[in-house]
1. Using a 1.4 Å probe, how large is the accessible area of Leu162, given in Å² and rounded to the nearest 10?
2. Using the Cα centre as the reference, give the magnitude of the dipole from point charges on the C-beta atoms of region 43-183 (Lys, Arg: +1; Asp, Glu: -1; all else neutral), rounded to the nearest 20 debye.
3. For region 55-123, calculate the relative contact order in percent as a whole number, restricting contacts to Cα pairs under 8 Å that are 6 or more residues apart.
4. Quick check for you: with a 1.4 Å probe and neighbouring chains kept, what is the accessible area per residue of the chain, in Å²?
5. How big is the accessible area of Lys138 in square angstrom, nearest 10, if you roll a 1.4 angstrom probe over the protein chains?
6. Going down the list Lys138/Lys170; Lys29/Lys171; Lys14/Lys88; Lys9/Lys29, which pairs span over 18 Å between their C-alpha atoms?
7. Go ahead and set up a Gaussian network model of the chain, Cα springs under 10 Å, then flag whichever of Gly53, Gly63, Gly163 fluctuates most.
8. Of the heavy-atom accessible surface of region 40-183 (probe 1.4 angstrom), what whole percent is carbon and sulfur?
Amino acid sequence: MRVIAGSAKSMPLKTIPGLETRPTTDRVKETLFNMLQPYLCQCRFLDIFAGSGAIGIEALSRGAQWCVFIEKNKKAAAVIEDNLKFTKLIEKADVWCRDVLQSIVLLEEEVPFDCIFMDPPYNQELEKRVLELLKDAKFVNEDTIIIVEASLETDFTYLQELGFSIDKIKKYKTNQHIFLRKA
């Protein structure tokens with residue numbers, strides 16, 4: 001796994017061994033960032049269920065101003081910090097090693113984020129629980145783009161009742177990215 005473009009282009013990233021995290025493949029990451037590129041310049045980025053930090057690091061490498069990484073697994077959070085130091089992006093980031101749902105409550109005083117990316121464990125409805133909190137969060141406004149990585153089977157029929165609209169859906173072989181905004 002590596003950074004695809006920007007200031008840290010081609011730099012390899014560590015991940016924790018085993019199946020506790022599911023790194024986004026380079027091909028999927030490249031497609032995702034081709035769609036996100038217009039939003040990245042000087043943006044505030046939030047990487048939820050951050051794993052190795054590859055998505056947030058890619059955003060920083062491509063011009064994001066600031067990124068908050070939320071990952072409750074201590075080993076994974078340590079890997080994110082190592083990856084940020086290695087890519088020399090540590091000064092543009094904050095790594096929170098804590099539960100995602102608790103963290104969202106603690107983010108209430110933050111300036112709105114421009115992009116929020118979440119890649120929760122598949123088929124546990126964690127994305128729904130996070131979106132239930134984000135719908136009323138002060139750090140999410142109508143301009144904030146929210147991207148959810150999920151399995152192809154994930155049901156998103158509840159989005160309208162939570163006050164979100166779908167901008168775009170990008171399907172891959174085994175998963176999908178859903179691009180949302182507050183309606």
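1. 30
2. It comes to approximately 380 debye.
3. 33
4. Heavy-atom SASA per residue in the chain reads 49 Å².
5. 140
6. Lys138/Lys170
7. For the chain, modelled as a Gaussian network with Cα springs under 10 Å, the answer is Gly163.
8. Using a 1.4 Å probe with all protein chains present, region 40-183 comes out at 48 percent carbon and sulfur.
The values are calculated or read from the model by the stated rules, or taken from the named source; none is laboratory data. Note that this is a predicted model, so its numbers are computed, not measured. Here Cβ is always computed from backbone atoms with ideal geometry, including for glycine, and neighbour counts include all displayed protein chains. Note: accessible area is taken over every heavy atom of the protein model, side chains too, but ligands, DNA and RNA are not part of it. Shrake-Rupley method; radii C 1.70, N 1.55, O 1.52, S 1.80 Å.
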